[in-house]
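J.: So that we are looking at the same thing, I have put the structure below in structure tokens.
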Amino acid sequence: MLKSREQQNEIHATGFRLAQLKALLPIILLIYAPVVILFVILKLQTKIPVSLLTRDPLAIVEAPFYWGAISNFGVLMWCAAVVIPWFSFRLLEQVKNNKEFNHFFYFLAVSHLSCC
């Protein structure tokens, strides 16, 4: 019995999703496994309550919401200073005739990353 076109497309899409998951599984484990291990270690230690380590500092000290706003803004600017040149580097990497700009953005991103 022949399957309908919709059923064939669904089977193909499911196979494609499984192939993507197999390809991404090592990366997912590399990213999430250390985080899970860290939280397990935090939970096992009894000296400092986990809630003090995971909550927002302003909520713990019951301070006004604007305390540290400029510091948080500075952290966002540091992140942008790394991400924007790195994104530009990755885009220019596809353009083969723009080596100088490509190297410029790469070293700009790396220099900002090393300052943090």
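J.: Would you call ILE60 assigned to a helix (DSSP H, G or I) and open to solvent by 80 Å² or more (accessible area, probe 1.4 Å)?
T.: It is false that ILE60 is assigned to a helix (DSSP H, G or I) and open to solvent by 80 Å² or more (accessible area, probe 1.4 Å).
J.: Moving on. Only one residue in ARG55, ARG90, ARG17 is more than 21 Å from the chain's Cα centre (by Cα), open to solvent by 100 Å² or more (accessible area, probe 1.4 Å) and of a type outside the set (Val, Ile, Thr), so which one is that?
T.: Only one candidate qualifies: ARG17.
J.: In the stretch 41-52, how many are surrounded by 10 or more Cβ atoms within 10 Å (Cβ to Cβ) and part of a helix (DSSP H, G or I)?
T.: Taking the stretch 41-52 as the starting set, the residues that turn out to be surrounded by 10 or more Cβ atoms within 10 Å (Cβ to Cβ) are 42, 45, 49-50.
Restricting the remaining residues to those that are part of a helix (DSSP H, G or I) gives 42, 50.
Selection size over the stretch 41-52: 2.
J.: Filter the stretch 64-79 down to residues that are farther than 25 Å from HIS112 by Cα and either in contact with a helix residue (DSSP H, G or I) (Cβ under 8 Å, 6 or more places away or on another chain) or β-branched (Val, Ile, Thr) (or both), then give me how many there are.
T.: So the answer is 3.
The values are calculated or read from the model by the stated rules, or taken from the named source; none is laboratory data. The model shown is predicted, which means the values in this text are computed figures rather than measured ones. Ideal geometry is used to build each Cβ from the backbone, glycine not excepted, and the neighbour counts take in all protein chains shown. What goes into the accessible areas is simple: the full protein's heavy atoms, side chains included, and nothing from ligands, DNA or RNA. Shrake-Rupley method; radii C 1.70, N 1.55, O 1.52, S 1.80 Å.
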